[in-house]
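For reference, the structure is listed below as structure tokens.
The values are calculated or read from the model by the stated rules, or taken from the named source; none is laboratory data. Since the model is a prediction, treat every value here as computed from it, not as a measurement. Quick reminder, even Gly has a Cβ in these numbers, built from the backbone with ideal geometry, and neighbours come from all protein chains shown.
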Amino acid sequence: MNRKEFFQNSIILGSAAILPLNNAFSQNVMEGGLDKITDENGNFVQAPLPYSESFLEPHMDEETLHLHYTYHHGGAVKGANKDLAKIRAALDHDDFALSDYWTKKMAHHVSSHVLHSIFWTNLTNHKTEPTGELLKRIEKNFGTYDRLQGLLANISKTVTGSGWGILGYQPYSDQLVVLQCENHEKLTQWGVVPLLVIDVWEHAYYLKYKNKRGDFVDTLFSIFNWGNVAERLDTALKLR
Ligand code: MN3
């Protein structure tokens, strides 16, 4: 395996952002069962939004979505490519003096890129509910869908500073799990495949919701695309 292949493989495996095939809604943002977050050389690319910037109105306003996608998600993609270039240069020059710095930066930027890529596909403009295998597993692991909502909403609203509430699938234990992620890269359980992610950084809501993070989180529960979550679960279950 040459260095380029090593980077490609490690990035793809490390990101593990899985999106299923055959979902018309997500067709332009996935490739081969994964969220499309890199090109064929392992450099990071930002897929288009799966809908127009006004699609989520009034729940998520057009201006917020535009700024969020273009500058916050887009900025993370640029940052990840810079970090990658710096690590490649360190390898080329056998100079690892700052490699810890760029490795930390890369964890931050790539995690942001992965979570935002999932976040856009997790949203739609009308209310949906989990059904089928997803609902069965929610009831098995959390009791009821209402209880999961209560847990996930609370976890998201109470993130210290910037972060995410995450519903994921842990293949090692075959369980759905809820994570309270700080920044983009902290407080995970290795192995967990994110299925539904809730961005509670202030940039996600402040223009419209001001300081009312709780109102923003509650609103998201009326536009989650549970069909997308179910398809992500179907793909994640194949890891077992
Ligand atoms: Mn964000």
- [ ] Mind counting the residues in the range 79-92 that are under 21 Å from residue 203 (Cβ atoms) and of a type outside the set (A, V, I, L, M)?
- [x] 4
Open item on the list: Looking at the range 128-145 only, could you name the residues that are touching a strand residue (DSSP E or B) at 6+ places or on another chain (Cβ under 8 Å) and under 15 Å from residue 227 (Cα atoms)?
Closed with: 128, 137, 138
- [ ] Would you mind listing the strands (runs of 3 or more DSSP E) fully within the range 147-221 where at least 3 residues are more than 13 Å from the ligand (Cβ to nearest atom) and more than 12 Å from the chain's Cα centre (by Cα)?
- [x] 175-182
Task: Pairs where the first residue, in the range 49-78, is under 19 Å from residue 201 (Cα atoms) and the second is in a helix (DSSP H, G or I) and of a type in the set (Gly, Ala, Ser), C-beta under 7 Å, 6+ apart - done: 68/204; 76/112
TODO: Considering only the range 72-88, state which residues are of a type in the set (A, V, I, L, M, F, W, C), more than 16 Å from the ligand (Cβ to nearest atom) and either under 20 Å from the mean Cα position of the chain (by Cα) or farther than 23 Å from residue 46 by Cα (or both).
DONE: 84
- [ ] Please state which of the following conditions residue 110 fails to meet, knowing it meets all the rest: (1) surrounded by fewer than 16 Cβ atoms within 10 Å (Cβ to Cβ); (2) among the β-branched types (Val, Ile, Thr); (3) within 25 Å of residue 205 (Cβ to Cβ).
- [x] (1)
Task: Condition check for residue 43: surrounded by fewer than 20 Cβ atoms within 10 Å (Cβ to Cβ) and modelled with pLDDT under 95 - done: no
Task: Verdict on residue 196 being at pLDDT 95 or above, under 28 Å from residue 44 (Cα atoms) and in contact with a strand residue (DSSP E or B) (Cβ under 6 Å, 6 or more places away or on another chain) - done: yes
Task: Residue list for the range 160-176, filter: in contact (Cβ under 8 Å) with a residue 24 or more places away in the chain and under 20 Å from residue 142 (Cα atoms) - done: 164, 165, 166, 167, 168, 169, 171, 174, 175, 176
